[in-house]
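Colleague: Take this structure first; my questions come after.
The values are calculated or read from the model by the stated rules, or taken from the named source; none is laboratory data. What you see is a predicted model, and the numbers here were worked out from it, not measured in a lab. Here Cβ is always computed from backbone atoms with ideal geometry, including for glycine, and neighbour counts include all displayed protein chains.
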Amino acid sequence: MTYAAGRRILDADSHVMELADFLDAHIDDEYRDLLHRKGIDALKPVLEDAERKAAKRRDDPEVAAAAEERLLQDKGWNAIGAFDVTERTRALDLFGFDGQLVFATFATSMFTGRNQDRLYGGASAQNRAIADFCSGDPRLLPVGYVPLVDAERAYKAVVEAVELGCDAVMVPSTAAGDLAPTHPDLDPVWDTLAQADVPFVLHVGGGGRLLDPAFHNNDMPVSDHLGGGENIRSKDFLAIHHSPELFLGALIYDGLFDRFPTLRGGSVEQGAAWVVSWMRHLDYGLRAFRRTEEPLQRLEHSPSDYVRKHLKFTPFPGEPVGWMIDQAGPELFMFSTDYPHPEGGRDPLAKFEETLDGTSEEARDRFYYGNMAEMLGRSFASVPA
């Protein structure tokens, strides 16, 4: 019996735990020396230990079987398939999922910053590396990464990501340098995604610092008890939805989805209970400012209608998904595990099920499979109306 227990499931959030050489075979020589390596080099003892444990699993069937019993308990580099694609295929067999979006974890930190040669050279290398990692199993769905700060280079990067076979493209949930993400200079990026039937996605960490660090300077220090890819504490959690709600709201108010009516997107690992009130907030904003702002007058639909038609969101395990579906509709929310990061917990399926009492089977199927299939588009059949 698989973890999915016969239910059709698509997982909207998983990660590769990169080894130190993850980008090396894929980066162009002119950018190689620009990469930041201090962070990944500092992890050398952790990575070497993880590689030793993976070798033991390959060599000893009993060790492998014991690790499989801990499928959702071992996290980070110690998890099955964290960095080995053969093991990752086995993990998907054990999960019983039909597909799983795969994001990078630490590689992005090797090339982010103001140097645009490093930024775009590194992003290209990461996209090649993630596509290569996922190429061994059609259930592994690579997520590319395209910075938007330079419109011309962003266009070239998104074209390459699509040609590599990325099933989604992550963009930062920030302004595009000095431009809004809806500026006409960036239309070729959105048009490429729309024409290719590939969604954009936002992910925690893509909006930069969650809040002013002074809010943590209270003489009551707390640690990140999860120890995952992002350092999230209680006050960070209060701000986690700020960048996606502003970014996506700007796309809606500026009419991006009228210009590109087939464009779709998703917000991943940023919670989703906030979406219920945010949709009403968007509609109120339209009523409040439409008379004085001409772009709002051109919108063909209400903001909440654009949300329902074009966007999907992953709740955190334990958020009241049944209530959220009742309040906002069954077409918005997607299941995710965050595997192998610790933030997903040890039994996300059970945590979500606890919140779905009284939810129809059709709405559950949308949550576990149909909504992500709709977001992905080209590779999956749409859910019947």
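Colleague: With β-branched (Val, Ile, Thr), loosely packed, with under 14 Cβ neighbours inside 10 Å and either closer than 23 Å to Ala363 by Cβ or without any contact (Cβ under 8 Å) to a residue 12 or more places away in the chain (or both) as the only criterion, which of Thr292, Thr262, Thr314 stands out?
Modeller: Step by step, each of Thr292, Thr262, Thr314 is checked, and only Thr292 is β-branched (Val, Ile, Thr), loosely packed, with under 14 Cβ neighbours inside 10 Å and either closer than 23 Å to Ala363 by Cβ or without any contact (Cβ under 8 Å) to a residue 12 or more places away in the chain (or both).
Colleague: Name every residue in the stretch 295-311 that is in contact with a helix residue (DSSP H, G or I) (Cβ under 7 Å, 6 or more places away or on another chain) and either more than 22 Å from Pro261 (Cα to Cα) or without any contact (Cβ under 8 Å) to a residue 40 or more places away in the chain (or both), in order of residue number.
Modeller: Ser302, Ser304
Matching residues to (1) of a type in the set (S, T, N, Q); (2) under 26 Å from Val169 (Cβ atoms):
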{"position": "Pro261", "(1), (2)": "no, yes"}
{"position": "Arg264", "(1), (2)": "no, yes"}
{"position": "Ala272", "(1), (2)": "no, yes"}
{"position": "Ser277", "(1), (2)": "yes, no"}
{"position": "Leu282", "(1), (2)": "no, yes"}
{"position": "Leu286", "(1), (2)": "no, no"}
{"position": "His310", "(1), (2)": "no, yes"}
{"position": "Trp323", "(1), (2)": "no, no"}
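Colleague: Return the total of residues in the stretch 1-36 being out of contact with any helix residue (DSSP H, G or I) (no Cβ under 9 Å at 6 or more places or on another chain), more than 16 Å from Tyr339 (Cα to Cα) and not in a loop (DSSP other than H, G, I, E, B).
Modeller: Residues in the stretch 1-36 being out of contact with any helix residue (DSSP H, G or I) (no Cβ under 9 Å at 6 or more places or on another chain), more than 16 Å from Tyr339 (Cα to Cα) and not in a loop (DSSP other than H, G, I, E, B): 1 in total.
Colleague: Next question. Please go through the stretch 158-175 and pick out each residue that is acidic (Asp, Glu) and touching a strand residue (DSSP E or B) at 6+ places or on another chain (Cβ under 7 Å).
Modeller: Asp167 - this is the single residue of the stretch 158-175 that is acidic (Asp, Glu) and touching a strand residue (DSSP E or B) at 6+ places or on another chain (Cβ under 7 Å).
Colleague: So, in the stretch 4-47, exactly how many residues are under 22 Å from the mean Cα position of the chain (by Cα) and of a type in the set (Phe, Trp, Tyr)?
Modeller: Count: 1.
Colleague: From the set of residues in the stretch 59-73 that are touching a residue at least 24 places away in the same chain (Cβ under 8 Å) and surrounded by fewer than 18 Cβ atoms within 10 Å (Cβ to Cβ), which is nearest to the chain's Cα centre (by Cα)?
Modeller: Taking the candidates together, the pick is Gln73.
Colleague: Which members of the stretch 78-118 meet the condition of being of a type in the set (D, E, K, R) and in a helix (DSSP H, G or I)?
Modeller: Passing the criteria: Glu87, Arg88, Arg90, Asp93, Asp117, Arg118.
Colleague: Please give the number of the condition Leu141 fails out of (1) free of Cβ contacts under 8 Å to residues at least 60 places away in the same chain; (2) under 20 Å from His26 (Cβ atoms); (3) crowded, with 17+ Cβ neighbours inside 10 Å.
Modeller: Failing condition for Leu141: (1).
Colleague: Continuing with the same structure: Kindly indicate the residue of the stretch 1-40 that is touching a Ser or Thr at 6+ places or on another chain (Cβ under 7 Å) and among the small types (Gly, Ala, Ser) and also modelled with the lowest pLDDT among those meeting that condition.
Modeller: Among those that are touching a Ser or Thr at 6+ places or on another chain (Cβ under 7 Å) and among the small types (Gly, Ala, Ser), it is Gly39.
Colleague: Still on this structure, please answer the following. When the stretch 350-369 is examined, which residues are found to be closer than 18 Å to Phe316 by Cα and assigned to a helix (DSSP H, G or I)?
Modeller: Passing the criteria: Ala350, Lys351, Phe352, Glu353, Glu354, Ala363, Arg364, Asp365, Arg366, Phe367, Tyr368, Tyr369.
Colleague: Identify, by number, the condition in (1) more than 23 Å from the chain's Cα centre (by Cα); (2) crowded, with 24+ Cβ neighbours inside 10 Å that Arg280 doesn't meet.
Modeller: Of the numbered conditions (1) more than 23 Å from the chain's Cα centre (by Cα); (2) crowded, with 24+ Cβ neighbours inside 10 Å, the odd one out for Arg280 is (2).
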